[in-house]
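Take a look at the structure set out below.
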Amino acid sequence: MDTKLFRQALIKFAAGLLLVGVLLFIPAGSLKYWQAWLLICILFVPMFIAGLIMMQKSPELLRKRLNAREEEGEQKEVVLFSGLMFLAAFVLAGFNWRFGWIPLPKAVSYIAAVVFLLAYALYAQVLRENEYLSRTIEVQENQRVIDTGLYGIVRHPMYMSTVFLFLSMPLVLGSLISFVIMLAYIPIIAKRIRNEEEVLEEGLKGYREYKNKVRYKVIPFIW
């Protein structure tokens, strides 16, 4: 086992867990915010398991996923806006629970949790199909176009999974206000995809032909 990689992954996992807890429970003013505990469980338990699997079977992929430093100026803006979106959505979800602004039925949280887990499974399948996935936009050495499996249906199945993941999060938290805020993810990810495809067309052989072959970017028959 790569001890340095394991330590890096563990630190980022713990930092993410702490940050989410702070953003949710402090505005809520209580640890009794049960939807926050639900989100933490369905978010971090699968993440921990997936990290252990990647550590054993594909440490290089895990290393790529941990590297979040963007070189593209346009993508730095995307990361910034995404961070602000999550900050606002999580904090307002806590306040929404604390003050009871727009309460949603408990069933909404449970249904959204199922959607979240299904999207997580989709995300895991994307990781299995594409060994070149990283959190930054780049063309890697010896990279080739993946056009089978989910990539034969849409060009960006990872973003398809994250759309469902991110839009289900605020509903798990029982916050309609946060859901409206998270809708900002759609134009944010559209901007990222536009820039990513420019980079891939320029640096990845066969990507232009792949775009002609697979029409839809994120959601079949819609986008």
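Inside the stretch 142-152, residues that are within 13 Å of Glu129 (Cα to Cα), in a loop (DSSP other than H, G, I, E, B) and touching a residue at least 24 places away in the same chain (Cβ under 8 Å) make up a count of 3. The residue pairs whose first member lies in the stretch 48-62 and is under 17 Å from Gln125 (Cβ atoms), whose second member is small (Gly, Ala, Ser) and at pLDDT 80 or above, and whose beta carbons are closer than 8 Å, counting only pairs six or more residues apart or on different chains, are Ala50/Ala124; Gly51/Ala9; Leu62/Ala9; Leu62/Gly51.
Conditions tested, residue by residue: (1) surrounded by fewer than 18 Cβ atoms within 10 Å (Cβ to Cβ); (2) modelled with pLDDT under 95.
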site: Lys106; (1), (2): yes, no
site: Phe116; (1), (2): no, no
site: Tyr120; (1), (2): no, yes
site: Glu131; (1), (2): yes, yes
site: Asn142; (1), (2): yes, yes
site: Arg155; (1), (2): no, yes
site: Val180; (1), (2): yes, no
site: Ala184; (1), (2): yes, no
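Scanning the stretch 7-53 for residues that are assigned to a loop (DSSP other than H, G, I, E, B) and not charged (D, E, K, R) yields Gly29, Ser30, Leu31, Tyr33.
The set of residues from the stretch 158-178 being over 15 Å from Ser82 (Cβ atoms), in contact (Cβ under 8 Å) with a residue 60 or more places away in the chain and part of a helix (DSSP H, G or I) comprises Leu171, Val172, Leu176, Ile177. Considering the stretch 1-57, the residues that are among the hydroxyl-bearing types (Ser, Thr, Tyr) and closer than 30 Å to Ser175 by Cβ include one that is nearest to the chain's Cα centre (by Cα), namely Tyr33. Applying the criterion of being under 19 Å from Ser109 (Cβ atoms) and β-branched (Val, Ile, Thr) to the residues of the stretch 37-63, the residue that is surrounded by the most Cβ atoms within 10 Å (Cβ to Cβ) is Ile42. For the stretch 54-95, the tally of residues that are at pLDDT below 85 and in a helix (DSSP H, G or I) stands at 19.
The values are calculated or read from the model by the stated rules, or taken from the named source; none is laboratory data. This structure is a prediction, so every number in the text was calculated from the model and none was measured. Quick reminder, even Gly has a Cβ in these numbers, built from the backbone with ideal geometry, and neighbours come from all protein chains shown.
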